[in-house]
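Below: the structure, in structure tokens.
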Amino acid sequence: MRWIPVNTDAVPVPLLALAGLGVTFETPNGTVTAVEAVNLAVGAGECLGIVGESGAGKTQLFLAVTGLLEANGRSRGSARFRGQELLGRSAAELDRVRGALIGMVFQDPMSALTPHLCVGDQIAEVRVRHLGESWGAARASARRLLERVHVADAARRMHQFPYELSGGMRQRVMIALALAAGPQLLIADEPTTALDVTIQAQILALLLELKRSAELALVLITHDLGAVAGLADRVAVMRHGRIIETATVARILKEPRDPYTLTLLPSASAFSAAAAGTAPAAAAAAALTVSHLTVDFPIARGLFARPLRLRAVNDVTLELAAGESLALVGESGCGKSTLVRAVLQLLAPVSGRVAWLGRELGTMPKEELRALRPQLQIIFQDPLASLDGRQRVDEIVGEGLRVHARKLTAAARGAAVRSALERVGLEAALGERYPHELSGGQCQRVAIARAMILAPQLLVCDEPLSALDIPTQQQIVALLAQLKREAGLCLLFVSHNLAVVQQLCERVLVMYLGHTMELAPAPLMYATPRHPYTQELMNALPLADPQLQPARLARVRDGEPPSALAPPSGCVYRSRCAHALAVCAAHTPPWEEVSAGHRIACHRWRELPAWKPEIPQLRE
Amino acid sequence: MAEGSAAALWNLAGRRLGARRAVRVALTVLALIVLVALVGPRFSPWGFDSLDWQHLAQPPSTVAAHWFGSDRLGRDLFVRTLYGVRLSLLISVLATLVSLVIGVAWGAVAGFSGPRTDGFMMRIVDVLYALPYLFIVIILSSLFARGSLTVLLVTLGAVGWLTTARIVRGQTVSLKRREFIEAARALGLTEGAILVRHLLPNLLGPVLVYATLTVPQMILFESFLSFLGLGVQEPQASLGNLIYVGAQEMQSAPWMLIVPAAFIVALLVCLNVLGDALRDALDPREY
């Protein structure tokens with residue numbers, strides 16, 4: 001029998017058919033079942049979304065198809081690609097399929113690309129290996145492929161190494177690599193999860209374009225149902241290793257068979273102003289005052305050269321009333337995390353003042369600041385990394401009390417820890433575990449308990465959701481909203497995604513390259529964003545609507561923030577702005593007041609056309 | 001440091017270690033050698049420096065209870081070798097402890113301090129590294145009593161802590177950027193408390209591995225110094241000077257070389273197997 005017939009006329013439908021495919025792992029604690037008897041088919045040119053929480057088995061399912069399971073993994077059942085069985089094939093046989101007929105894109109392009117080879121050679125290697133091209137011809141093809149995935153300046157990029165590229169650019173290279181041998185099926189495993197919303201939209205737009213132009217079947221594995229809605233023809237929802245339903249996107253959104261399915265959809269359907277937080281109480285006294293805060297990072301340049309200064313935060317002024325919540329939104333590298341760290345005095349600013357309840361934090365003696373710390377708490381992006389892996393959960397949560405309530409007896413502290421754990425929805429018995437034994441959502445709850453046990457008045461949340469699954473995100477948002485209500489917390493919420501902050505925050509501040517772009521009450525910001533950058537962020541939000549979303553993706557503009565070491569003159573956003581004029585390059589726009597509480601830094605906000613919100617048709 | 005965390009570390013590492021046969025063999029051999037070294041000499045009628053004029057340079061046999069034979073002066077090799085094992089192990093373990101205490105403190109403080117203190121402290125390490133240690137040893141041993149145990153410990157420790165300091169400093173620098181350190185600072189812990197409560201426990205794994213691999217190095221180094229006549233002096237026996245004497249008699253009395261050499265090889269292999277396995281068992285990627 002010939003392995004993979006060359007004659008494509010004889011290709012039976014479907015392209016990929018899985019029947020009773022199961023995956024188990026042999027571990028020291030016995031056999032673990034990751035996937036149970038999955039039946040699934042992908043037609044030629046079709047886009048199938050596989051949606052589910054982490055641990056649902058969606059990645060293992062396709063690793064089994066491509067024969068890339070870990071050594072202790074076993075697959076059974078059948079996976080037929082163009083009628084040929086893939087399971088049980090030798091590595092040599094599979095190599096003629098993997099990379100050649102089935103392309104793969106992984107979540108983390110940094111670890112999926114070889115660090116010591118320039119990207120051009122990595123792509124060319126696939127052409128040489130699978131198509132027998134000469135290296136010269138293969139390099140020319142690699143350049144065409146890079147252009148096809150919209151890598152700007154492809155000729156130069158060919159010779160760059162993965163570490164020299166931005167995250168979005170790396171993912172484009174990864175896609176070019178997967179496409180190099182002209183596959184019929186592309187498997188993309190969480191291709192946009194590690195990316196900013198804007199870059200996610202660009203990558204999704206690229207995948208949509210490829211799917212339409214290249215007769216490419218696409219399997220898109222993701223935890224975010226919203227992200228695939230505009231792309232997938234059909235969606236299969238996975239949970240606990242099983243497929244719980246398979247249907248078209250429209251059908252799944254309108255009448256899901258399983259209520260679980262809709263929990264995979266980001267709840268904040270953006271653009272509905274009514275869902276936003278209540279308007280701030282007028283003229284409350286400011287609890288937190290930040291004025292003209294500027295933070296630099298020195299970039300060392302060898303022993304004798306003077307270090308460069310990277311301006312991470314540039315002249316930011318803001319106020320936060322007691323009990324009020326402010327969201328800081330922008331792409332990675334915009335300085336939002338640096339800003340909140342400087343507010344908490346975890347970083348020293350170059351200039352500017354931070355005052356909490358009228359007391360200036362920067363000039364305060366260290367002892368006084370330490371005594372004030374319980375009022376100002378923070379939770380971090382990576383819940384596991386923010387917990388000390390060598391401490392038990394109850395030690396972690398009780399740590400603040402050990403420092404600030406020394407007179408407390410061990411028993412009283414234990415009781416406080418248990419009640420703090422219960423308050424964040426964890427069983428007190430979890431206190432005896434270690435962080436690595438918990439799930440991501442549980443770790444984040446532990447981090448919240450560690451902060452809340454000190455009864456803070458300001459809780460800084462630094463991207464606390466972006467490492468979590470959609471259902472877990474919603475639980476954490478609900479928890480934070482509840483804590484905010486009960487304790488009258490001030491929240492300073494950092495996120496790259498406008499949608500996730502909507503339920504929590506009364507005001508939104510948009511930042512770009514260390515500069516503030518727009519500040520507005522949340523309802524106003526979501527209904528009528530004035531700044532072109534805010535509008536770009538809004539357009540990038542995935543909309544769970546198969547009718548509207550493809551057109552929105554088609555409008556997505558390529559572009560990434562420039563290096564903060566060489567920011568554009570005048571308005572820093574002008575290099576990406578669709579409306580930039582000469583004046584934008586010449587002068588820095590003033591921080592103007594549009595209406596009460598609404599400020600903007602844009603020369604042209606008066607003349608620009610109004611932004612129209614798009615309302616999803618299918619979901620309420 | 002909390003007992004709970006240490007217990008978990010040991011449980012996890014212990015379970016992984018126990019699962020490997022090479023480790024079980026190495027541990028058994030090591031325990032046997034230590035046991036024999038401690039109680040073995042009691043069963044022999046000879047002391048480590050008693051002379052038996054009737055049996056000079058006798059090959060191993062049961063005659064006159066010279067089980068491993070005797071040397072040119074009629075001293076019993078069984079007893080001398082076991083005394084040598086004791087002394088070599090004692091010196092190497094103590095020297096490792098000395099180098100750990102200095103190295104961990106120096107490296108952790110350097111890594112945790114600002115760039116200026118860090119640079120200053122690590123340049124001192126660089127300078128000390130650059131000095132030829134053998135030269136220092138010769139000076140030290142000519143200034144003080146030759147073969148003094150203290151001098152030997154100071155010498156070995158002085159050389160050993162430099163590498164420990166570098167390893168610990170590297171670990172500290174990467175740990176201090178982690179978010180849990182920032183979280184501790186936001187909780188209001190003092191820098192000292194962060195160092196003790198969060199940094200040191202997390203350094204424990206790599207340091208332990210390094211220590212296990214340092215002990216055999218120290219045994220070798222001590223033997224080397226004794227071989228050169230700079231270490232343990234006759235009639236005291238260490239594995240190093242036994243091998244030195246044995247090497248001179250290699251052709252006429254090969255057992256004088258083979259017996260101590262076999263012990264040193266067994267010790268080194270066991271300790272290295274243990275160290276490697278410990279490194280795998282404590283690998284943070286396995287969490």
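Values quoted throughout were computed directly from the atomic coordinates according to the rules given, and no laboratory measurement underlies them. Being a predicted model, the structure only gives us computed values, none of them experimental. For neighbour counting, all protein chains shown are included, and Cβ atoms are generated from backbone atoms with ideal geometry for every residue, glycine included.
Our estimate of slack between residue B:73 and residue B:116, defined as 0.36 nm per intervening residue step minus the Cα-Cα distance, is 9.5 nm. Relative to its Kirkwood radius, the Cα radius of gyration of region A:297-358 gives an Rg/Rh of 1.05.
Under a model in which nothing but the beta-carbon of Lys, Arg (+1) and Asp, Glu (-1) is charged, region A:346-396 shows a dipole of about 160 debye around its Cα centre. The C-alpha atoms of chain B occupy a region whose extents along the principal axes are 77, 47, 27 Å, arranged from largest to smallest. Neighbour counts of other Cβ atoms within 10 Å put B:134, B:242 in the fewest-to-most order B:134, B:242. The calculated FRET efficiency for the pair residue A:26 and residue A:428, based on their C-beta separation and a Förster distance of 56 Å, comes to about 0.95. Reported to the nearest whole Å, the Cα centre-to-centre distance from region A:75-135 to region A:290-336 is 43. Residue order for A:507, A:212, B:21, fewest other beta carbons within 10 angstrom first, comes to B:21, A:212, A:507.
Counting neighbouring beta carbons within 10 Å and listing from fewest to most, the residues A:27, A:33, A:261 come out as A:27, A:33, A:261.
Treating r as the C-beta distance of residue A:214 and residue A:54 and R0 as 30 Å, the FRET efficiency rounds to 0.50. Remark: spin-label model distance residue B:144-residue A:486 equals 6.3 nm, labels positioned 7 Å along the Cα→Cβ axis.
How big is the charge dipole of region A:301-437 about its Cα centre, in debye rounded to the nearest 20, if each Lys and Arg gets +1 on its Cβ and each Asp and Glu gets -1 on its Cβ? Could the numbers behind the result be given before it?
On the way: 20 positive and 16 negative charges, 123 e Å.
Approximately 600 debye in magnitude.
For chain A, a crude dipole built from +1 on the beta carbon of Lys and Arg and -1 on the beta carbon of Asp and Glu, taken about the Cα centre, is about 600 debye to the nearest 20. Length available on full extension from residue A:411 to residue A:91: 0.36 nm per residue minus the Cα-Cα distance, which gives 109.3 nm. With the alpha-carbon atoms of region B:22-84 aligned to their principal axes, the span from lowest to highest coordinate is 43, 18, 17 Å, starting with the largest. Annotation: chain A has a Kirkwood hydrodynamic radius of 26.3 angstrom, from the mean reciprocal C-alpha pair distance. Looking at the protein assembly as shown alone, DSSP beta bridges between its own residues are antiparallel in about 60 percent of cases. Here the translational diffusion coefficient of region A:516-617 follows from Stokes-Einstein with Rh set to the Kirkwood radius across Cα pairs; for 20 °C and 1.002 mPa s it amounts to 144 µm²/s. For chain A, the residue among A:431, A:577, A:510 whose Cα projects farthest onto the positive side of the dipole built from Cβ charges is A:577. With the simple spin-label model, which puts each label point 7 Å out from Cα in the Cβ direction, the residue A:74 to residue B:250 separation comes to 5.5 nm. For the residue pairs A:336/A:407; A:58/A:211; A:254/A:484; A:58/A:336; A:366/B:176; A:254/A:612, the C-alpha atoms sit more than 27 angstrom apart in A:336/A:407; A:254/A:484; A:58/A:336. Take the Cα of residue A:33, step 7 Å toward its Cβ, do the same at residue A:436, and the gap between the two points is 2.9 nm.
Orientation-averaged projection of region A:390-495 equals 6.6 nm² [convex hull of Cα atoms, one quarter of hull surface area]. In plain terms, the chain from residue A:364 to residue A:255 could stretch by 33.4 nm, reckoned as 0.36 nm per residue minus the Cα-Cα distance. Here is the tail figure for region B:107-158: Cα pairs spaced more than 15 Å apart come to 57 percent of all pairs. Share of pairwise Cα-Cα distances greater than 23 Å in region B:162-287 is 52 percent (whole percent).
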